[in-house]
1. Taking a cut-off of 20 Å between Cα atoms, list the aspartates and glutamates near residue 78, but don't count ones fewer than 8 places away on the same chain.
2. So which lysines can residue 120 reach, going by Cα to Cα under 22 Å and dropping same-chain residues fewer than 8 places off?
3. For a quick check: sort 171, 211 by the number of other beta carbons within 10 angstrom, fewest at the front.
4. Taking 0.36 nm per residue of separation and subtracting the Cα-Cα distance, what length does fully extending residue 94 through residue 260 add?
5. I'd like to know how segment 53-113 sits against the 2.2 N^0.38 Å rule of thumb: what's its Cα Rg over that expected value?
6. Give the order of 235, 138 when sorted by the count of other beta carbons within 10 angstrom, beginning with the fewest.
7. Expressed in nm to one decimal, what extension gain is obtained for the pair residue 153 and residue 19 from 0.36 nm per residue of sequence separation less their Cα-Cα distance?
8. Write down the radius of gyration of segment 5-142 and its Dmax, each obtained from C-alpha positions, in Å.
Amino acid sequence: MKVGAPDILNASILIVDDQESNVSLLERLLGEAGYTRVASTMNPQEVCALHRKNGYDLILLDLQMPSMDGFQVMAALKTNASDSYLPVIVLTAQPGHKLRALQAGAKDFISKPFDLLEVKTRIHNILEVRLLYKKLDSYSNALERMLQEQTAELRESEARYRSLTELATDWYWEQDEAGKFTKVCGPVLEMLGIRVESFMGDSSNAGMPGWNAVEREDLQTKISARQPFLEFEISRINTDGSQQKFLVSGEPMFDHGCAFIGYRGIGVERRARN
């Protein structure tokens, strides 16, 4: 991320000084250096309103002014919630004010009387930092918006997937790494008449009657081995002697670190054809 010379010369600058001679000198200096957007005011009470309206990249601020000094102006500028960066270089003839100005939020200072090379160098350096800060802030905002949009799209996609899954299957399920079911969608309880854990082979229900023991053991072996399975058939004999068959598909889930976090899958009842 770089800032080119054209960006710096096109930066917006506000000169604030109650001495017309100082304003004229700085305007001429900046104009000769190639800066194209330079404004000025001799009234410090206008600074906050002007900055809110124009969003200056740099404010050259005199400290010693009547009615409102530079420290008061900086304090007022800090109330601008839209800009957390205070783009101020103070102009002062008082060496003792430099530290206080920096503590008040100024980014740099220029001593009076002006050394023209120093003025140009300090302004260029601060503008480079300021524009980099703005680019970074803009990039961060754009990244945040992109992440929000992607999150919204992901949630919408998940909702569509879940809706289609529920339409295409009898139930959808997810379980954690310990085999505990964390999500079940669809009329599985009404269809099976039992808890899903017993259908999938939870050890606490291993002895439940009716289910084909060989099929259950084979399914549990696949799950323990973290293997995917497609339309695995498992059946049971009901108390009235009727038989039900089910087709179950599932896949293991892993996090970004490739750690196993559980299974997800779908199931349908295999109904006899007329």
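1. 17, 46, 57, 62, 69, 108, 137
2. The qualifying lysines are 2, 98, 107, 112, 134.
3. Fewest-to-most ranking of 171, 211: 211, 171.
4. Numbers: separation 166, 0.36 × 166 = 59.76 nm, distance 6.67 nm.
Taking 0.36 nm per residue and subtracting the Cα distance, the gain is 53.1 nm.
5. Working: Rg = 11.2 Å, N = 61, 2.2 N^0.38 = 10.5 Å.
Computed over Cα atoms of segment 53-113, the ratio equals 1.06.
6. 138, 235
7. 42.5 nm
8. In order Rg, Dmax, the Cα atoms of segment 5-142 give 14.0, 43 Å.
Computed from the coordinates by the stated procedures, all read-outs in this text should not be read as laboratory data. Keep in mind that what you see is a predicted model, and the values were worked out from it rather than measured. Backbone-built Cβ (ideal geometry, glycine too); neighbour counts: all protein chains shown.
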